[in-house]
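Please read the structure below before turning to the comments.
Every number here is computed from the coordinates shown, using simple stated rules; none is lab data. Note that the structure is a prediction, hence the values are computed from the model and not measured. FYI the Cβ positions are ideal-geometry reconstructions off the backbone, even for glycines, and counts take in every protein chain you see.
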Amino acid sequence: MQRFTVALFCAAFFILLFATRAFAHAKLDKCLPEIAASVATAPKEVRCWFTEELDSKPIKFTVSDATGARVDNADGKLDLNDPDHKQVFATVKTLAAGVYRVDWQVTASDDKAITEGEWYFGIQVTAPTLSPQSIRTVAAPVATPSASAAPREIVTDSSRTFIFAAFVILAGAVIALVARQLSR
């Protein structure tokens, strides 16, 4: 009975350990130009780093001007020269002074969670700030932009299942321990 209880605790521990990986979605770490920065000269590319390794497909990484017209060269992609596969970039056309919006959507390679968002930078002008970078995690492969700038995160059904299973196993182990102590 004691081995069974120890096995239940170990199983629950490992399920909880791996279930927490489901919450480790790729989040925006930093960008060049910096988020909400005002730069003096136009960049030749826009680049972002993420906290997790990314899948090369599908990736959306676009840059547009204040009118909504795309100013990137439609080449937004994962930087395959980065050994960690955490960088995404797009080259841009010659940019004039003004505000520019960067829209991105990436897929984490470990849990296939899709994260998307947008941020702004300015060239010789102040860029608007969002709270924080209007980042969203979506559960479905097809993402729909949210009208809200507030961050939101959706917990997938698979992560809920892992957590529920871990708690059921832990509850079973506790019941087994109590029953064993009462039978003595």
- Item | Inter-probe distance in nm under a simple model that places probes 7 Å from Cα toward Cβ, at Ser56 and Val99 | 3.7 nm
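Can you check what the Kirkwood hydrodynamic radius comes to for region 22-70, Cα pairs only, in Å to one decimal?
Final number for the Kirkwood radius of region 22-70 is 13.0 Å.
If N is the number of residues in region 52-123, what value comes out of its Cα radius of gyration divided by 2.2 N^0.38 Å?
1.16
By how many nm would the segment from Gln181 to Asp110 lengthen if fully extended, with 0.36 nm per residue of separation less the alpha-carbon distance? Write down the numbers at each step before the final one.
Numbers: separation 71, 0.36 × 71 = 25.56 nm, distance 4.19 nm.
This chain segment gains 21.4 nm when fully extended.
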